Amino acid sequence: MILMNNTSELISIGIFSMITRLTRRALRLYDEKGLLSPAKKEITGYRQYSYRQIRRGMQLKRLADLGFGINEMFDLKFLLFLCHEQ
């Protein structure tokens with residue numbers, strides 16, 4: 001288990017992938033589709049995530065495990081955003 005001492009600290013895509021059990025490929029796709037963008041992306045393409053994004057990553061992993069596709073996940077994200085706006 002990785003200890004989370006500083007929640008403002010950034011972690012690599014590899015560590016984030018291990019924690020959330022999302023593949024690096026899935027994380028890149030989720031970034032491309034606007035579902036989960038890294039907290040920081042270097043000009044070289046190197047992605048870093050914050051510990052605060054772990055929950056969102058785990059939610060996406062659970063949706064994928066339940067059979068939701070990218071478009072369905074995006075629709076859910078949009079609906080949840082609308083619910084929080086009210």
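The values are calculated or read from the model by the stated rules, or taken from the named source; none is laboratory data. This structure is a prediction, so every number in the text was calculated from the model and none was measured. Because the Cβ atoms are built from the backbone with ideal geometry, glycine has one as well, and the counts that use them run over all protein chains shown.
Points worth noting:
- Every residue from segment 8-22 that is farther than 25 Å from ASP75 by Cα, in contact with a Lys or Arg (Cβ under 9 Å, 6 or more places away or on another chain) and loosely packed, with under 14 Cβ neighbours inside 10 Å: SER8, GLY14
- Scanning segment 23-53 for residues that are under 14 Å from ILE13 (Cα atoms), hydrophobic (A, V, I, L, M, F, W, C) and surrounded by fewer than 17 Cβ atoms within 10 Å (Cβ to Cβ) yields LEU29, ALA39.
- Filtering segment 7-24 to residues that are in a loop (DSSP other than H, G, I, E, B) and either closer than 13 Å to TYR46 by Cβ or at pLDDT below 55 (or both) leaves only THR7.
- Looking only at segment 65-77, and only at residues there that are surrounded by 10 or more Cβ atoms within 10 Å (Cβ to Cβ) and part of a helix (DSSP H, G or I), the one that is modelled with the lowest pLDDT: LYS77
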